[in-house]
Amino acid sequence: MLLPLVAALVFGQATSWASGRPPECADPGGHAANVWERARAPELRRYCDLVASASSKLAGTAAMAESALASARDADQVLPGHAAPLVLQGRALAALGKLDEARASLAGARARDASALEDPLALLAWARVLARTGHPDDAIAAYRALLPRASAIAATERASASVEAGLVTMARGAAGLDDAVAALREGVREAQDEAQAIAVVGLALALDRRGDADESRALLAERSRGDARPAFASPRGKELLAVAPGEVHALTGLALESTDPAGAREAWEQYVAAAPQGPWVAHARAHLTALGAGKRKTR
C-alpha cells in the first residue's frame with residue numbers, strides 16, 4: 001500500500017480532477033477560472049463546461065454514459081491536447097463495457113499528463129479495465145494506488161474497490177495473500193447486498209489459502225448466509241467478479257463445502273480444469289482430496 005504521506009500528497013494534487021475542474025480550468029491559486037478569464041478565452045469556457053457536464057453525467061446513472069462520452073469527445077475537439085477529456089472518455093467507455101477502448105483512452109490521458117489518473121474515480125476505472133482486459137499486475141498496482149485514497153469515493157464504490165483489489169491480488173499467487181486479506185477484510189466491513197457475500201467468501205478463500213483454515217471456517221459459519229451462488233450470478237456479483245473470473249469456481253467450491261459437497265466437488269474440478277498450471281491448483285486439489293475422503297467415509 002502507498003505510504004499515508006505519499007497518498008495525502010497525491011490526493012491533494014488530484015482534488016481538482018475529482019471536482020470536475022482539471023488544472024486548465026483553474027487559476028494558479030487553484031480556484032475556478034473567473035468570468036473575466038473565461039471571457040478572454042471563449043473556447044476555454046466551452047471546454048470547461050463540457051468537461052464539467054461529462055463529469056456530472058458520469059456521477060449519474062449508467063444510461064447517462066453515452067451522453068457523458070459525447071460531452072467528453074466534444075471537449076477534446078474544442079480544446080485539443082488536454083488529458084481531462086480522455087479520462088472522462090475512458091470512464092464512460094468503461095461504463096458502456098467497451099473495455100479495450102476505455103483502456104486506450106485512459107492510457108492516452110496518462111501520456112498527455114502523468115497525473116491524469118490520480119483522481120480516485122479515474123484510478124478505479126483504470127484498475128478495472130486493466131484487470132478485465134488481462135493486465136492483472138498493472139491492475140494490482142492501480143488498486144494499490146487507489147485504496148489509500150478510496151475514502152474520497154462513494155461507499156458502494158469504495159467497497160467494490162476493496163473486494164476487487166483483494167480478488168485480483170489473491171489470484172496472482174501466495175506473494176500477494178497478505179495484501180489480499182487486508183483488502184478483503186476492508187471489503188467485508190464496507191460491503192452491502194451481494195457484495196457482502198462475495199467479500200466474505202473471498203476473505204475466507206484468502207485465509208484458507210494462507211493456511212488459516214480455522215479462521216476461514218469460522219468466518220463462513222458466522223457470516224455466510226445460505227447458497228452464495230445467486231450473489232455470484234447477480235449483476236452486482238458479475239461486475240465484481242469480472243476482475244478475476246478464474247476465481248469464481250474456487251469461491252463456489254469453498255462456499256458449498258459444508259452444505260453441498262457434490263456441488264463443491266464439481267466447482268473445484270472446474271477450477272482445476274480451467275487453470276491446471278495456476279498458482280492455486282495444488283490448493284484446489286487438496287480440497288478435492290478432502291471432499292473425496294469425506295464422501296468415502298459416509299458410504
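A few notes on this one:
- Here, segment 57-138 is characterised by an Rg to Rh ratio of 0.95, where Rg is the alpha-carbon radius of gyration and Rh the Kirkwood radius.
- Overall form of segment 58-210 per C-alpha gyration tensor (a/c, 1.5; a/b vs b/c): prolate
- Shape category assigned to segment 236-276 from the gyration tensor of Cα positions, a/c cut at 1.5: oblate
- Taking G253, G97, G108 in turn, the Gaussian network model of the chain (Cα-Cα springs below 10 Å) assigns the largest fluctuation to G97.
- Mean projection of the Cα convex hull over all viewing directions, computed for segment 187-299: 6.9 nm².
- For the chain, the alpha-carbon radius of gyration amounts to 1.14 times the rule-of-thumb value 2.2 N^0.38 Å expected for a compact globular protein.
- The mean accessible area for residues of segment 213-299, using a 1.4 Å probe and ignoring ligands and nucleic acids, is 55 Å² per residue.
- At q = 0.24, 0.27, 0.29, 0.30 Å⁻¹, base-10 log of I(q)/I(0) for segment 76-116 (Debye sum, equal scatterers on each alpha carbon): -0.69, -0.82, -0.90, -0.94
- Rounded if a/c under 1.5, otherwise prolate or oblate - segment 137-216, Cα gyration tensor axes: oblate
- With contacts taken as Cα pairs under 8 Å at a separation of at least 6 residues, segment 75-122 carries a relative contact order of 39 percent.
- Rounded to whole numbers, the Karplus 3J(HN,Hα) couplings from phi for segment 137-149 are 5, 5, 5, 4, 4, 5, 5, 4, 5, 6, 4, x, 10 Hz, using 6.51 cos²θ - 1.76 cosθ + 1.60 with θ = phi - 60°, and x at Gly and Pro.
- Cβ-based charge dipole, segment 120-245, positive-most Cα from G134, V163, L177: G134
- Per residue, segment 95-188 exposes 36 Å² of accessible surface when a 1.4 Å probe is rolled over the protein heavy atoms with every protein chain present.
- Accessible surface of the chain [probe 1.4 Å, protein heavy atoms]: carbon and sulfur percent: 54
The values are calculated or read from the model by the stated rules, or taken from the named source; none is laboratory data. From a predicted model like this one, the values you see are computed outputs, not experimental measurements. Glycine also receives a Cβ, built like all others from the backbone with ideal geometry; neighbour counts cover every protein chain displayed. Remember, those area values only see protein heavy atoms, side chains included, never the ligands or the DNA or RNA. Shrake-Rupley method; radii C 1.70, N 1.55, O 1.52, S 1.80 Å.
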